[in-house]
Amino acid sequence: DIGPDGTAGVAFGGHRSMKRDGSVVVIKGGKAVDFATGLDDPKGIIFVAPAKAFFVADIDKIVRIDLSGKASVWKKAEDFPVKPLFLNDIESDGKGNIFVSDSGEFGEGGLKGKGAKIFRVPVFGKPTVLVDEEKSPLIKGTNGLRLVSEYHLDVLDFHTGELLRVRLKDGKTEKVAEGFGGGDGLAVDHWGRLFLSDWKNGKVFCIERPGDKPKLIAEGFKAAADIC
């Protein structure tokens, strides 16, 4: 995500079998410079301006990184109503809530399509489950998150390759589009165009307007993950 001085922060996941080998780097002068180290397997990252900090999804916890690069556990596994399995992307509504996707069970061969959910994490208060596979059968391997209005959160599902829309009021979920392989990252530009990445097939798509069919805009990547 982009920090207060326009510097991009990038999460580098380590080996899943190793602890504390993950990090967050910043891009300066075209080079990656260590910003915060000692994380486990960081994935989604977002800068929250009121908090003056980055928040990072790190397997079963959320880590807060201040502007000096100091990292501390903001929400540990025990703070969640159910133990997180594989925290992935993270998003903020700018009103005191952070949303984080839990992609569910992970084993040999990748995600299993079970146990996925999305947590709502208030700055002051305990995390709750916004939606899970019990509330909606569409929830299989939640990954990329992007707030598209004050009422709805878009979700890209890695297991099904579907774009879902979740109503923040009650977690009601509907399918918006499909065909994104291993759906990973979501981003919206200043014109409202939605960009989506397919990790498995190394592609990036664009939906220019709500209701439009997705257009392939780039391909040939080894693994197109989160985008900003």
message = I'd like to know if region 88-95 contains one or more residues that are under 30 Å from residue 164 (Cβ atoms) and open to solvent by 40 Å² or more (accessible area, probe 1.4 Å).
response = yes
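Just checking, does region 9-23 include any residue being assigned to a strand (DSSP E or B), at pLDDT below 95 and either surrounded by fewer than 18 Cβ atoms within 10 Å (Cβ to Cβ) or touching a helix residue (DSSP H, G or I) at 6+ places or on another chain (Cβ under 6 Å) (or both)? Let's see the steps before the verdict.
Here is the first cut: in region 9-23, the ones assigned to a strand (DSSP E or B) are 9-12, 22-23.
The next check asks that each one be at pLDDT below 95; those that pass are 9-12, 22-23.
Narrowing the set further to residues that are either surrounded by fewer than 18 Cβ atoms within 10 Å (Cβ to Cβ) or touching a helix residue (DSSP H, G or I) at 6+ places or on another chain (Cβ under 6 Å) (or both) leaves 10, 12.
The answer is yes, given that some residue of region 9-23 is assigned to a strand (DSSP E or B), at pLDDT below 95 and either surrounded by fewer than 18 Cβ atoms within 10 Å (Cβ to Cβ) or touching a helix residue (DSSP H, G or I) at 6+ places or on another chain (Cβ under 6 Å) (or both).
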task = Would you check which residues across region 9-47 are in contact with a Lys or Arg (Cβ under 9 Å, 6 or more places away or on another chain) and closer than 22 Å to residue 188 by Cβ and list them?
result = 11
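State the number of residues belonging to region 43-74 that are more than 20 Å from residue 12 (Cα to Cα) and either acidic (Asp, Glu) or within 18 Å of the chain's Cα centre (by Cα) (or both). Let's see the steps before the verdict.
Taking region 43-74 as the starting set, the residues that turn out to be more than 20 Å from residue 12 (Cα to Cα) are 49-52.
With the extra rule that they be either acidic (Asp, Glu) or within 18 Å of the chain's Cα centre (by Cα) (or both), the set shrinks to 49.
Count: 1.
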query = What pairs can you find where one residue is in region 90-110 and within 18 Å of residue 50 (Cα to Cα), the other is among the basic types (Lys, Arg), and their Cβ atoms are less than 7 Å apart, with a gap of 6+ or different chains?
reply = 91/146; 97/120; 99/120
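Looking for something within 24 Å of residue 199 (Cβ to Cβ), open to solvent by 10 Å² or more (accessible area, probe 1.4 Å) and not β-branched (Val, Ile, Thr) - is there at least one such residue anywhere in region 69-82?
Let us first name the residues in region 69-82 that are within 24 Å of residue 199 (Cβ to Cβ), namely none.
There is no residue in region 69-82 that is within 24 Å of residue 199 (Cβ to Cβ), open to solvent by 10 Å² or more (accessible area, probe 1.4 Å) and not β-branched (Val, Ile, Thr).
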key: Residue identified as open to solvent by 30 Å² or more (accessible area, probe 1.4 Å) and of a type in the set (Gly, Ala, Ser) among 125, 161   = 125
task = Search region 60-79 for residues that are under 21 Å from residue 116 (Cα atoms) and small (Gly, Ala, Ser) and pair each with any residue that is open to solvent by less than 40 Å² (accessible area, probe 1.4 Å) and at pLDDT 95 or above when their beta-carbon atoms are under 8 Å apart and the residues are at least 6 apart or on different chains.
result = 77/60; 77/61; 77/84
Where a residue in region 178-195 is more than 13 Å from residue 155 (Cα to Cα) and its partner, wherever it lies, is open to solvent by 40 Å² or more (accessible area, probe 1.4 Å) and not in a strand (DSSP E or B), with Cβ under 7 Å and at least six apart = 179/214; 181/200; 181/201; 193/208
task = Return the total of residues in region 164-177 being surrounded by fewer than 20 Cβ atoms within 10 Å (Cβ to Cβ), under 24 Å from residue 86 (Cβ atoms) and either without any contact (Cβ under 8 Å) to a residue 12 or more places away in the chain or hydrophobic (A, V, I, L, M, F, W, C) (or both).
result = 2
Unique residue being hydrophobic (A, V, I, L, M, F, W, C) and either surrounded by fewer than 19 Cβ atoms within 10 Å (Cβ to Cβ) or in contact with a helix residue (DSSP H, G or I) (Cβ under 7 Å, 6 or more places away or on another chain) (or both) when the list is 35, 55, 99, 106 = 106
query = If you check residue 29 against the conditions, is it among the small types (Gly, Ala, Ser) and within 19 Å of the chain's Cα centre (by Cα)?
reply = no
message = Whether any residue in region 137-147 is open to solvent by 40 Å² or more (accessible area, probe 1.4 Å) and closer than 14 Å to residue 98 by Cα is what I want to check.
response = yes
The lone exception for residue 211 - which of (1) open to solvent by less than 30 Å² (accessible area, probe 1.4 Å); (2) out of contact with any Ser or Thr (no Cβ under 7 Å at 6 or more places or on another chain); (3) small (Gly, Ala, Ser); (4) without any contact (Cβ under 8 Å) to a residue 60 or more places away in the chain it fails = (1)
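The values are calculated or read from the model by the stated rules, or taken from the named source; none is laboratory data. This structure is a prediction, so every number in the text was calculated from the model and none was measured. For neighbour counting, all protein chains shown are included, and Cβ atoms are generated from backbone atoms with ideal geometry for every residue, glycine included. These accessible areas exclude ligands, DNA and RNA; they are computed on the full protein's heavy atoms, side chains included. Shrake-Rupley method; radii C 1.70, N 1.55, O 1.52, S 1.80 Å.
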